[in-house]
Amino acid sequence: MKVLVTGSQGFMGKNLLDRLGRVDDVEIETFSKDDSDDSLAEKVAAADFVFHLAGVNRPENEQEFFQGNRDLTQKVVDAAIQSVKKPSILMTSSTQVEQDNAYGKSKLEGEVALESYVTECDSTAYIYRLPNVFGKWSRPNYNTVVATWCHNVTHDLPIQINNKDVELNLVYIDDVVEHFVRHLDENGKKGVVSSEVSPIYRKTLGEIYELLTSFKESRENLIVPQVGRGFERALYATYLSFLSTDNFSYVLNGHEDERGTFYEFIKTIDSGQVSISTTALGITRGNHYHNTKNEKFLVIKGEASIKHRQIHGDKVIEYKVSDQKMEVVEMIPGYTHDITNTGDSEMVLLLWANEVFDREHPDTNFLKV
């Protein structure tokens, strides 16, 4: 199947090209603002499916809205009418077609041109009236407020919010292109299909700002927000994509003494924290117990002896571990425990605790094993 993507150098175009590149048996052609109208006609004529993403949303004057949206869509339609294949066409429109502004009107007139093509040629058109689209490779001060704010926060620039309660409807770029690509398999479908992307996230400006602030602060307080799913997952990926290339890393502040070093790495909202420590030859750490707090130890370099003793008993339980076997040892509440470097080099330990360390209530009671 031959596929044409207009607006291929734009935010959505780049993401769609990436997704199409992972689809079997698809030959991709592109059209961008640097290409000629003659090449557009040739590329449309050769295509089986056209993703018409090109458009203008922040021009210098209103007339450019109509040139970049209505008129360009008409050129795509005219070329499709003249083609033998009569390709299916997917067009990105906007929810602003319902508003009385030049951008909305230019998009609506583009929709009308596409609908006329479907009627005249008995073909297929997919019209997506998209709300705010956010994601990687979007442009600040152009695509969405999310892009602008991600850029500003990652570059230490101020953010102005007039009303934190303003609510936005947002869709994530990965969801958008996934919906787009599904239409390639709909052989035989005819007519105009009004399509929507799901999920739609409804978030206030205040909620977005608070999340972005928490992302930035996580490098200092080490608290990683809940970014594993939903809007937070998508926003965090977008935020990271705006980091400058010299700002991908950050330095941890740790503690060092004659025993070795200790660094807190990640703290979570509700699942504890991860730390890493080094221990010098022959040194023993620990000799304490927890009443409720629990931990997991994993030696990732060297050798160690980990000992436990139930605080009301005398029996010592020993686990000998090393980097030759990735063996996790649990620290059980009510058992005093220690760890000794028994190897011939520095020992490195990865630790997880089920709760973030609280200096006021550490739940750590010193008692020799």
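Values in this text are rule-based calculations from the coordinates and carry no lab data. If you're wondering where the values come from, they're calculated on a predicted model, not measured in any experiment. All Cβ positions, glycine included, derive from the backbone under ideal geometry; neighbour counts span all protein chains shown.
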Just grab the label-to-label distance for Asp257 and Asp363, each label 7 Å out from Cα along the Cβ direction, in nm (one decimal).
2.4
Computed [θ] at 222 nm, helices only, for the chain once each DSSP H run of length n ≥ 4 contributes -39500 (n - 2.57)
-8500 deg cm²/dmol
Test of the criteria: in the range 1-57, which trypsin sites (Lys or Arg not before Pro) are in a DSSP loop and have at most 11 other Cβ atoms within 10 angstrom of their Cβ?
Arg22
Of the listed values (i) 20; (ii) 13; (iii) 42, grab the one calculated as percent of Cα pairs over 38 Å apart from the structure here.
(iii)
Which GluC sites (Glu not before Pro) in the range 244-343 pass both tests, a DSSP loop state and at most 16 other beta-carbon atoms within 10 Å?
Glu258, Glu327
Could you please report the charge total around Gln324, scoring K, R as +1 and D, E as -1 over all other residues with beta-carbon less than 14 angstrom from its beta-carbon?
-1
Net charge near Trp137, counting Lys/Arg +1 and Asp/Glu -1 over other residues with Cβ under 10 Å of its Cβ?
+2
Report, in whole Å, the centroid distance computed from the Cα atoms of the range 87-127 and the range 299-369.
65
Using only Cα atoms, tell me the angle between helix 11-20 and the longest principal axis of the chain; keep it within 0 to 90° and round to the nearest 10.
80
Tilt of helix 37-46 relative to the longest C-alpha principal axis of the chain, in degrees (0 to 90, nearest 10)?
80
Cβ charges +1 (Lys, Arg) and -1 (Asp, Glu), total dipole of the range 147-217, debye:
220
Between Leu240 and Thr95, what FRET efficiency follows from the Cβ-Cβ distance if R0 is 25 Å, with the result rounded to 0.05?
0.35
Can you give me the angle between helix 230-241 and the longest principal axis of the chain, using Cα atoms only, in degrees from 0 to 90, rounded to the nearest 10?
90
With no solvent term and unit scatterers on the alpha-carbon positions of the range 27-163, Debye gives log₁₀ I(q)/I(0) at q = 0.09, 0.22 Å⁻¹ of -0.32, -1.34
At most 16 other Cβ within 10 Å, DSSP loop - trypsin sites (Lys or Arg not before Pro), the range 57-163
Lys85
Figure the gain on full extension for Ser198 and Asp122 (residue separation times 0.36 nm, minus the Cα-Cα span) and round it to one decimal in nm.
24.6 nm
Hey, fewest Cβ within 10 Å first, where do Val133, Val97 land in order?
Val97, Val133
